[in-house]
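Notes follow the structure.
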Amino acid sequence: MAGGGRGAPKDRGSQDGGRGRGRSGGPERPKKNGASQRPAGPARPPARPEQADVDLRAQLPYFLARLLVLVAITVVLALVGVNLVLSVLIGFVVAGLLTWPLGRMQRRAAQRSANRDKPGPGV
């Protein structure tokens, strides 16, 4: 065998002792200057935008409608003879799917209410 075995040294034709140009920091690697290095402190997450106060009264009708659908489905399933815990779980899933548009309208109403209470740029 001419250098093809596992333990045989491989001739790669480089002067760095068989090490390639990896991340080992050889002489070919460019050095960083002090201006491009990160500060030593902990990394901070990006700043979040300020959240406005939400008026819950704007969401109340939508919440009550969704709750009414959940209760109606749960009661119907319980009267049919489905286990109570299973009927509540099925009610959550079905009510969530049926009232998806109501949830979107509820979120938009809360955003409108928050934007209406926020002072404008000229105030």
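The values are calculated or read from the model by the stated rules, or taken from the named source; none is laboratory data. The shown structure was predicted, so the numbers you read here are calculated from the model rather than taken from an experiment. Neighbour counts are summed over all protein chains in view; Cβ atoms, including those assigned to glycine, are modelled from backbone coordinates with ideal geometry.
Overview of values
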item	result
Unique residue being at pLDDT 80 or above, more than 25 Å from the chain's Cα centre (by Cα) and surrounded by 12 or more Cβ atoms within 10 Å (Cβ to Cβ) when the list is Leu64, Leu68	Leu68
Selection from the range 85-100 of residues that are over 11 Å from Leu70 (Cβ atoms) and within 22 Å of the chain's Cα centre (by Cα)	Leu97, Trp100
